[in-house]
Structure formats: C-alpha cells, structure tokens
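The values are calculated or read from the model by the stated rules, or taken from the named source; none is laboratory data. All of these numbers come straight from a predicted model, not from anything done at the bench. Neighbour counts are summed over all protein chains in view; Cβ atoms, including those assigned to glycine, are modelled from backbone coordinates with ideal geometry. Side chains included, ligands, DNA and RNA excluded: accessible areas come from the protein's heavy atoms. Shrake-Rupley method; radii C 1.70, N 1.55, O 1.52, S 1.80 Å.
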Amino acid sequence: MPDYNSDFYNNTAITKIYDNPFINFGEENIKTTKSNNIVAGIRNSLEGALIEFKATYSIFDDYHFFKINPNDSITFNSIYDNGSNLKLEARASYKPIGNFEIGGRICKNFYSLDSLSHAFYTPDFEINAYAKIKFLKEKLIVTGELFTGSAPWYLDTAGNPKKLDPLFDLNGNVEYKIGKSAYIYASINNIFAQKYERWYGYETYGINIIGGLKFNF
C-alpha cells in the first residue's frame, strides 16, 4: 500500500554548507522546504540477492537549488521554486560467496518546476555501485565504490542554462581492525583523476590518498 506523508526541511547555514560549500551567506535567503509525498515500494530476496524498488512522488514548496552569484562569480546563492518530482529508486545487494558482497543503487528524477527551467546542480540520473570483500576472519575489509551521474544543468554568469560534464568518481578503501574498536585505514579517491565540476568554476581534486586511525566508541 502507498504511504502518504509530509516533510518540513529547515534549511540552515549548516545544512547548506553540506549541500554546497561555496554558499555566499551574506546574501542568503533562508526558507523552509515543505513537501507532501506519496511513497510506494517493494522489497524481495531472490536467490541470495536483496532487491528493493521505491517510487516517490513529491509536491513541494520552496525546494532549494543554486545559482552562481553574479556579483563575484565565485560563490553561490540559493534559489527556491515550487513544483513536483517523481523519484524512481532501485537498490540491490548480493553475496555470491560468503565474504564477498556487491551492490548498488540507481536513481532517476523527473522534476516539474513552476519557474525554473531545470533542477540546477541536481543530476537527473545517478548510479552508485560497490564491491566489498573481507579477509583474515573479517579483520581486513577492502571496498571499491563507483559513482556516476548525468550532466547537471547550471546557470552561467550571464544567467543562461548550460550543462556541466557528467559526474564520475571511482574510490577504493582498505580497513584493518587492530583492536576491539580501533581500525587503521587507507583510502584512494578519484582513481582516474577526473576533472569534472560538481559546482561551476570548481574542478574536483585529482587522485588523493588519505589514511589514519579510526576509533568507535
């Protein structure tokens, strides 16, 4: 059976930093996003695979997007619009052998907006995929992750709608448990050194490697 619910999302300076780290807060107009949602989905296990499909139809007020700040061309302002979105999302995970797992997520959005021509900086189509394997009595975990998304629309400094390049990122992570709640890890991000722009004017970093200790309390 479909589920009917309403959401109120309070956009704040902190939440917007997570969405876009280049916000110009001196010119920010904060609004609360309101939406009414109809959600329907199915979940099933098939020969060891967990499969889930969900469809969400949302009618929203003051959903926030972004545009380049015309005053400095390096920061962004929020823009709000009313409209609707049909979001189709599928997830799956599968263990072909005991300590090896693969899975992923596919998402497609169909936006219809009252004023804006496009859902700026929001990819219409996204794919996340991963593979994880555990060794040494599950103390050593090796994970690979792939993310790709369709080319998002943006507004250039003259206010013209254009498209950025498609999004693509491949990452790897190694984690080793050295105590009851302590881990040593190393991660390599953007393995193919893609120089796409998630935000207009800001290229992603090339290959970067980080490592250290992690504790769970």
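Would you mind finding the one in Asn173, Asn190, Asn208 that is farther than 27 Å from Lys95 by Cβ and crowded, with 17+ Cβ neighbours inside 10 Å? Walk me through it before giving the result.
Details: Asn173 fails: farther than 27 Å from Lys95 by Cβ; Asn208 fails: crowded, with 17+ Cβ neighbours inside 10 Å.
Only one candidate passes the filter, namely Asn190.
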So, of the residues in the range 93-128 that are open to solvent by 50 Å² or more (accessible area, probe 1.4 Å) and aromatic (Phe, Trp, Tyr), which turns out to be nearest to Gly41 (Cα to Cα)? Phe110
Is there a residue in the range 83-92 that is surrounded by 14 or more Cβ atoms within 10 Å (Cβ to Cβ), under 30 Å from Pro2 (Cβ atoms) and modelled with pLDDT under 95? no
Looking only at the range 68-103, and only at residues there that are part of a strand (DSSP E or B) and among the β-branched types (Val, Ile, Thr), the one that is nearest to Ala55 (Cα to Cα): Ile102
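Within the range 193-205, track down each residue that is open to solvent by 100 Å² or more (accessible area, probe 1.4 Å) and charged (D, E, K, R). Show your work before the answer.
First pass over the range 193-205, keeping only residues open to solvent by 100 Å² or more (accessible area, probe 1.4 Å): 195, 203, 205.
Lys195, Glu203 - these are the residues of the range 193-205 that are open to solvent by 100 Å² or more (accessible area, probe 1.4 Å) and charged (D, E, K, R).
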Considering only residues that are within 19 Å of Lys108 (Cβ to Cβ) and β-branched (Val, Ile, Thr), which ones fall in the range 137-181? Thr148
Give me the pairs, please: first residue somewhere in the range 24-46 and under 14 Å from Asn5 (Cα atoms), second residue anywhere and basic (Lys, Arg), beta-carbon distance under 7 Å, and either six or more positions apart or on two chains. Val39/Lys54
Scanning the range 104-133 residue by residue, the ones that are modelled with pLDDT under 95 and part of a strand (DSSP E or B) total 0
